[in-house]
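Following: one structure in structure tokens, then a few remarks.
The values are calculated or read from the model by the stated rules, or taken from the named source; none is laboratory data. None of these values were measured; they are calculated from a predicted model. Reconstructed Cβ throughout: ideal geometry from the backbone, glycine too, with neighbour counts over all protein chains shown.
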Amino acid sequence: MVNDQMVNKKALALLLDPEKADLNALPLSADCLPDYIFVGGSTGGDTTAFVRALKEKLSILNSPFSIPIILFPGNAAQFTPEADAVLYLSLLSGRNPEYIVGQQIKSARTIQDSHIRAVPTAYILIDGGVVTSTMRVTGTEPLNPSNAEGVQTIIDTCIAAELMGKRLIYLEAGSGAKNPVPPDVIRAVRARTTVTLAVGGGIRTPEAMRAAYAAGADIVVIGNHFESHPEELANFVRSKNLTESETSGPTAQRSADERYMRIALSEAQKALSAQEIPVGCVIVSQGQIIGRGHNLTETLEDVTAHAEIQAITAAAQTVGGKYLPDATLYVTVEPCTMCAGAIGWAQISRIVYGAPDPKRGYATYAPHAFHPKAKVTAGVLEEECRALMQTFFQQKRK
Ligand SMILES: [Zn+2]
């Protein structure tokens, strides 16, 4: 779940402070999720109760994603074994031994007993133009990113972190920072280090997030801002997905494809729960889901109620037009001839499917049904898509 190098793609982490965050106000939905949720604050709060409530909230979404909940503790007392991992922070920018090693020793045995993963993390405070509670609590000054000497100290601290064996470097401008960590500083650190790089504090717009990724950040942490503007989370998630498809090498494309196929699988799961043949579909345009659907032929007593048809109808309503030339359609099973015809009529330019269907699939009977320029990718999460179908037919035989 949390790799050795922590991430291999650009990731978005949402930081929630147990003392301030209102879980009911968070606009989390299956198609609007960060990659990680960090839980922590510099003062306190009941972390255990909060993480439990958060898990409950995530499970209600019935999401096929399992978002790692990672502790970002301000002190040893905030540790809870309820989380999936803990950032084992050492405040390397400061000279207060209590936060370099003291709290770490206080929590060491509890963390080891809990068997949750500890990620050795260098926590580096960068001056973001405000006095933060972390500065007050730890009695340390942040490093100055606005002159050459300060930048050199930041870089040297990060090199030291890597030499000490840290697996994550976390550049922190502070909760409510006026200025985020400057992209030039991120770039300079990236040029001298290879470990996973997280950047947080003062990132209030998708543009600022993208600037951080472009400069070399692997994880962008957003938080504070969403306590007052929870609805904006979706813009960040969409913008990050766009960044992923723009920077697409084959690997990034594959990871985006798998991500959307998982959502199609969650649609297929809904069909299975309703004793329908489990096929699910989502249609994506510019990093945004514009239509989704699952097979409803039994429920509606309608042989045309296939997942793709439901999703195409929904997408046309979303965009307010019948053609979807910029869209990618993800479906768990190879489309049949009817659906391939509909996909062709809608002028969908890319089709991604999971399991092939040699008996009913379009490729055998209507190989030219799609738009002539349409591209097809087969076999994404093929095993999972096929397994769901097998489950259905096995249950039926009983
Ligand atoms: Zn069909």
If we keep only residues of the range 118-153 that are polar (S, T, N, Q) and closer than 12 Å to Gly174 by Cα, then the residue surrounded by the fewest Cβ atoms within 10 Å (Cβ to Cβ) is Ser133
Turns out the helices (runs of 4 or more DSSP H) fully within the range 75-177 with at least 3 residues that are in contact (Cβ under 8 Å) with a residue 12 or more places away in the chain and polar (S, T, N, Q) are 103-114, 133-138
By residue number, the members of the range 366-398 that are exposed (fewer than 12 other Cβ atoms within 10 Å of the Cβ), outside any loop (DSSP other than H, G, I, E, B) and touching a Ser or Thr at 6+ places or on another chain (Cβ under 9 Å) are Lys375
Pairs returned, first residue in the range 302-313 that is under 21 Å from Gln288 (Cβ atoms), second residue that is hydroxyl-bearing (Ser, Thr, Tyr) and more than 9 Å from the ligand (Cβ to nearest atom), beta-carbon separation under 9 angstrom, 6 or more apart or interchain, are Ala307/Thr332; Ala311/Tyr330
Listed by first then second residue, the pairs whose first member lies in the range 330-345 and is under 11 Å from Ile312 (Cβ atoms), whose partner is near the ligand (Cβ under 8 Å from one of its atoms) and assigned to a helix (DSSP H, G or I), with beta carbons under 6 Å and at least 6 positions apart or on separate chains, are Val331/Glu308; Pro335/Glu308; Cys339/Glu308; Ala342/Ile309
Picking from Ala316, Ala311, Ala307, the residue that is in contact with a strand residue (DSSP E or B) (Cβ under 8 Å, 6 or more places away or on another chain) and away from the ligand (no atom under 16 Å from the Cβ) would be Ala316
Of those in the range 179-211 that are part of a loop (DSSP other than H, G, I, E, B) and closer than 17 Å to Thr121 by Cβ, the residue modelled with the lowest pLDDT is Thr194
Taking first residues from the range 192-211 that are touching a residue at least 12 places away in the same chain (Cβ under 8 Å) and crowded, with 18+ Cβ neighbours inside 10 Å and second residues anywhere that are in a helix (DSSP H, G or I) and among the charged types (D, E, K, R), the pairs with Cβ under 7 Å that are 6 or more apart or on different chains are Thr193/Glu162; Val195/Glu162; Leu197/Arg190; Met209/Lys240
Over the range 329-348, the set of residues within 13 Å of the ligand (Cβ to nearest atom), within 16 Å of Tyr260 (Cβ to Cβ) and either assigned to a strand (DSSP E or B) or within 27 Å of the chain's Cα centre (by Cα) (or both) is Leu329, Val331, Thr332, Val333
Output for Cβ contacts, cut-off 8 Å, separation at least six or different chains, first residue modelled with pLDDT under 90 in the range 372-385, second surrounded by 14 or more Cβ atoms within 10 Å (Cβ to Cβ), reads Lys373/Ser349
